[in-house]
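The values are calculated or read from the model by the stated rules, or taken from the named source; none is laboratory data. Keep in mind that this is a model prediction, so the values were computed, not measured. Glycine gets a Cβ as well: all are built from the backbone with ideal geometry, and neighbour counts include every protein chain shown. SASA here: full protein model, heavy atoms, side chains in, ligands and nucleic acids out. Shrake-Rupley method; radii C 1.70, N 1.55, O 1.52, S 1.80 Å.
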There are 4 protein chains.
Amino acid sequence: MELGLIGLGKMGGNMRERIRRAGHTVIGYDRNPDLADVASLPELVTKLQGPRVVWVMVPAGAPTQQTIEELSELLSPGDIVVDGGNSRWTDDEKHAALLAEKGIGFVDCGVSGGVWGLQNGYALMYGGEAEHIARVQPIFDALKPEGEYGAVHAGKAGAGHFAKMVHNGIEYAMMQAYAEGWELLEAVDSVTDVREIFRSWKEGTVIRSWLLDLAVDALDKDEHLDKLRGYAADSGEGRWTVEAAIDHAVPLPAITASLFARFASRQDDSPQMKMIAALRNEFGGHAVESK
Amino acid sequence: MELGLIGLGKMGGNMRERIRRAGHTVIGYDRNPDLADVASLPELVTKLQGPRVVWVMVPAGAPTQQTIEELSELLSPGDIVVDGGNSRWTDDEKHAALLAEKGIGFVDCGVSGGVWGLQNGYALMYGGEAEHIARVQPIFDALKPEGEYGAVHAGKAGAGHFAKMVHNGIEYAMMQAYAEGWELLEAVDSVTDVREIFRSWKEGTVIRSWLLDLAVDALDKDEHLDKLRGYAADSGEGRWTVEAAIDHAVPLPAITASLFARFASRQDDSPQMKMIAALRNEFGGHAVESK
Amino acid sequence: MELGLIGLGKMGGNMRERIRRAGHTVIGYDRNPDLADVASLPELVTKLQGPRVVWVMVPAGAPTQQTIEELSELLSPGDIVVDGGNSRWTDDEKHAALLAEKGIGFVDCGVSGGVWGLQNGYALMYGGEAEHIARVQPIFDALKPEGEYGAVHAGKAGAGHFAKMVHNGIEYAMMQAYAEGWELLEAVDSVTDVREIFRSWKEGTVIRSWLLDLAVDALDKDEHLDKLRGYAADSGEGRWTVEAAIDHAVPLPAITASLFARFASRQDDSPQMKMIAALRNEFGGHAVESK
Amino acid sequence: MELGLIGLGKMGGNMRERIRRAGHTVIGYDRNPDLADVASLPELVTKLQGPRVVWVMVPAGAPTQQTIEELSELLSPGDIVVDGGNSRWTDDEKHAALLAEKGIGFVDCGVSGGVWGLQNGYALMYGGEAEHIARVQPIFDALKPEGEYGAVHAGKAGAGHFAKMVHNGIEYAMMQAYAEGWELLEAVDSVTDVREIFRSWKEGTVIRSWLLDLAVDALDKDEHLDKLRGYAADSGEGRWTVEAAIDHAVPLPAITASLFARFASRQDDSPQMKMIAALRNEFGGHAVESK
């Protein structure tokens, strides 16, 4: 089939490649003309035969918002927009409603796979009405990993991004689990080979996983991670997961602890621990470390 | 080679079977005569040709302590005792010293694998001196999974149990990660098929793992886990992990949150939340739920 | 001075009384005619001499929103609206802008004091422009506790509610601190008189506080809190505190733990712990508690 | 009455002074002869008329252990030893048993008050048998704050230190509560005067407390705590509180979060966050900060 694809960065570019390898036609647009197949959104729309499917793969927030608004002006009833970016699930309902007014369908799709996706396929979680999903299905089939897993119709519009967001929240806590265990093992004198312990866990253990494999890969490059700073960014989806949990009164202690550990890792000095130091000094005359 | 094996319960019995399949001779002792090959510890020791290797696979704490003390009286210099149970790593140093006085070697070995071990092999983490490890190596090779992973010499005496303990701590937080994500997905109306989301994650995602596979198996038996109570025991190793972290001033927020969630799951009513309710009532006249 | 007061419930009614005792004139409106001094908002506005100050004391969200919109139609340039309810600080900026279009000033005020406020005074945290604050100052002075503390100009519009929200977040964690300590003391056999321990802490300790006094009052009524369920509601401000922290990448582990403990206290059975139980069953054949 | 007091450091010296002011006779011993009234423990014991009461005020662990063992040799049946140091409650039972063999009584006493104790009195939590407590009561009465609070017979031997330990655990979480709130307020632009907000909370709020007063004192010396490093030691009692909770399967999320925040504050770089950074790099090609 024919697909319009907007956004040809690291993710989008690889996805175009994977879809083409599956035999589909992809017309790509990007603000960067070196990457693009067409010069503008209107040209993209013109070149696609109706009914069209246009996949938006641009940064979440304003860029996605603007692109969908533009498409709502350019597309025709019966066309479908897929938001494959990292949009917050609460935006999807608005976008679905905006497009529905023009008779345009909407599907949201959370995409996982990172730099490995081109080769191994992308895990896909999509939300929307079954008839819209069905229209995009050949593209989903091209992008997903081989085998029976890796793609799911998660529910109504927004459910795809919601499922992807929860995936990332789980990912935060799994990474934190390995990281805590690694630090503890490194802290103990009688344990002499932490890297080999991690490596041994790759088979026969309850905690074997792809993330564990990656941890071993990382330790093979730098056994004690001496070359890295203990500094971790967060991409928004961990925050949204906690906010969604708060909205639904779901306790999320491990995922939230993982998010807060990242926040703390980015502080040069901890303001709250200054207050702890100040209070200890006030009531106990405890020595404090001054700058 | 020849191995004495003490403790032939669910774990020990399967391990005897796997070691025998590898062509070794196992003489097993258990308090239950229906399971045992010999009638007593002294008979076990007599039947083994020296220098002996005796593997202790009995409950941690007093049973292991007593067994090792008895063996210290029965065995000869040059023999080796392996503690393959779930002993706390702090006990290992004491046991190693007790046996060393008699010239008997000591190896501690954390064993993972549960009901899957007989078929797939057991992950092994062992600690002790290299010469002692070398003597037990054929048994380790019989027990471990096929392939290049699944067994590691983690360090000095105690390091095997320490590594296994940390493995279990990581396991607690990974299970909690999936559990939190599952609860959040189940709480949201627009998400209509949580089980299929979990299933889709088996390929192409960052969070694919053996535990995830098990979660899908469990959901296939009981889609919303309606037949279960939200009640989780803990086996000691999670607690010890947190205590070890405290000893070494290592922050372990996600693993500890996972342990505390289990504690709370076993309370019919939460005493601390009674105090919260009482305080709210005192200062705000907030309605409280009385029994 | 003369004040219009909208909302004469438990809080508003007592505040009217305290302001009147200070010699000011209060014209109160409430949807419940038994409580109200006037029959309608337009009548309230008519009866007040300009330039008017109108204090809105109705539930946060839609009721406050509607009231402020109505007032924006009824009031005149130079009048001032005070939002003394529990509004989210993010609403304040919108309300300030809406009213500013009509030349009407806006002050937000977080009010603490509960059932004790009539007698002891209300702690006040207000935000807005200095000239607007100055106009309301006599009312703030009437409401605040005697002495030099209890009222603060916290910053721009929204800062009053923000400060009150953080106050409540701190309150959550302080309550949780006492509650955790109480549960631990009650769990230990050698400790025979937990209530008297709490009482003794009222003097000479680092942790003496008004909340501790309330805890002792509660224990005097019901020594082991046997009559209460471990069930705690949350009022919104704890949630907003965590959300604000997430927005600013501030780690808030103790306050968030306190919020999540409340969420968990309201679950009859914990979905996430069902998943933990299911996983333990899958990999270990651990007994699970079925319903 | 007459008291032997061992350990005349910052705490012990002030306590001697307060007891003397109450009209009692204190004979003090310290390893530092400049502080001591007698030259040795035997001389201390000789100078006291029987039946004796000897208060041990030396560091927890080995120093206290040794002192009590020495006293068990020097004292006579009917004498009483009070351990007023920061001993772990699990040591008290051993000490009580050791002394009981010689007919010597034992009382453990947790003491709070720090540098403020000489003037305001010390909060006391003691454990042991009623007849032993009664013998020490005049000294407790001299040390405690004036008024009806500040001293409690908490239970059996060990209960005094246990109660004091829980007091400190609560203190950790209360300090963390204020510290988190302070950091959040400082992070927000619209809030312009955090110190004055804290000051205003001293009256009329739910969170007024002595610790809050100290926070204001600290902010008056250094408004944004610019002169301090965010570095907080911990004294052992927070750790023991968490360990006791683990022993009794009591969830302690806020207190534990407070302890872990201190651990993290003392790390120049976080090993666990290096692992997070490494994993992010492996799966996503996320930029990491290298040293």
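Taking 0.36 nm per intervening residue step and subtracting the Cα-Cα distance, what contour gain separates B:E2 from B:K102 on full extension?
33.9 nm
Within the range C:2-156, what percent of beta bridges assigned by DSSP are antiparallel, to the nearest 5?
Around 20 percent of the beta bridges assigned by DSSP in the range C:2-156 are antiparallel ones.
Could you give the angle, 0 to 90 degrees to the nearest 10, between helix B:159-186's Cα long axis and the longest principal axis of the Cα atoms of chain B?
Approximately 20 degrees, to the nearest ten.
Hey, could you grab the Kirkwood Rh for chain B? Inverse mean 1/r over distinct alpha carbon pairs, Å, one decimal.
That comes to 21.6 Å for chain B.
Under 20 Å Cα-Cα from D:K227, which aspartates and glutamates qualify once same-chain neighbours fewer than 8 residues away are excluded?
Of all the aspartates and glutamates, those that pass the test against D:K227 - Cα under 20 Å, at least 8 places apart if same chain - are A:D268, A:D269, A:E282, A:E289, D:E180, D:E183, D:E186, D:D193, D:E196, D:D213, D:D217, D:D268.
Multiply the residue separation of D:D247 and D:K47 by 0.36 nm, subtract the distance between their alpha-carbon atoms, and state the gained length in nm to one decimal.
Full extension of this stretch gives 67.7 nm more.
Protein chains only, probe 1.4 Å: how do A:D193, D:D141, C:D83 rank by accessible area, largest first?
Correct descending sequence by accessible area is D:D141, A:D193, C:D83.
Given the protein chains as shown and a 1.4 Å probe, how many square angstrom of B:Y149 are accessible, to the nearest 10?
Taking all protein chains as shown, B:Y149 has close to 50 Å².
What does the copy distance list look like for C:T192, label position 7 Å along Cα→Cβ, in nm and ordered from shortest?
5.3, 6.0, 6.5
Mind pulling up the Rg/Rh value for the range B:2-156? Radius of gyration and Kirkwood radius, both on Cα.
Result: Rg/Rh = 0.92.
Measuring from a point 7 Å out along Cα→Cβ, what nm distances, shortest first, does B:K47 have to its partners in the other copies?
Result for B:K47, in nm, nearest copy first: 7.1, 8.0, 9.9.
With label points built 7 Å along Cα→Cβ from the Cα atoms of A:S190 and A:E73, find their separation and express it in nm.
Those two pseudo-labels are separated by 7.1 nm.
Taking a 1.4 Å probe, which of B:R20, C:R31 shows the most accessible area, and what order do the others take after it?
C:R31, B:R20
Given the range B:133-291, report the % of alpha carbon pairs whose separation exceeds 29 Å.
Of the Cα pairs, 42 percent sit more than 29 Å apart.
Kindly give the semi-axes, whole Å and largest first, of the ellipsoid equivalent to the protein assembly as shown, taking each as the square root of 5 times a Cα gyration tensor eigenvalue.
Its equivalent ellipsoid spans semi-axes of 52, 49, 23 Å.
What is the distance, in nm, between label points placed 7 Å from the Cα along the Cα-to-Cβ direction at D:S40 and at A:D268?
5.8
Which entries in B:K10/B:K202; B:K94/D:K94; C:K94/C:K156; A:K274/D:K221; D:K10/D:K202 show an alpha-carbon gap greater than 24 Å?
Listed pairs above 24 Å: B:K10/B:K202; D:K10/D:K202.
If you rank A:D220, B:D91 by how much accessible surface each has, with a 1.4 Å probe, what is the order from largest down?
Highest to lowest solvent-accessible surface, that is A:D220, B:D91.
Where Rh denotes the Kirkwood radius from the mean inverse Cα pair distance, what is Rg over Rh for the range D:9-96?
0.94
Between the label point of C:R31 and that of the same position in each other copy, find the distances and list them shortest first in nm, with every label point placed 7 Å from Cα along the Cα-to-C-beta direction.
4.7, 6.9, 7.3
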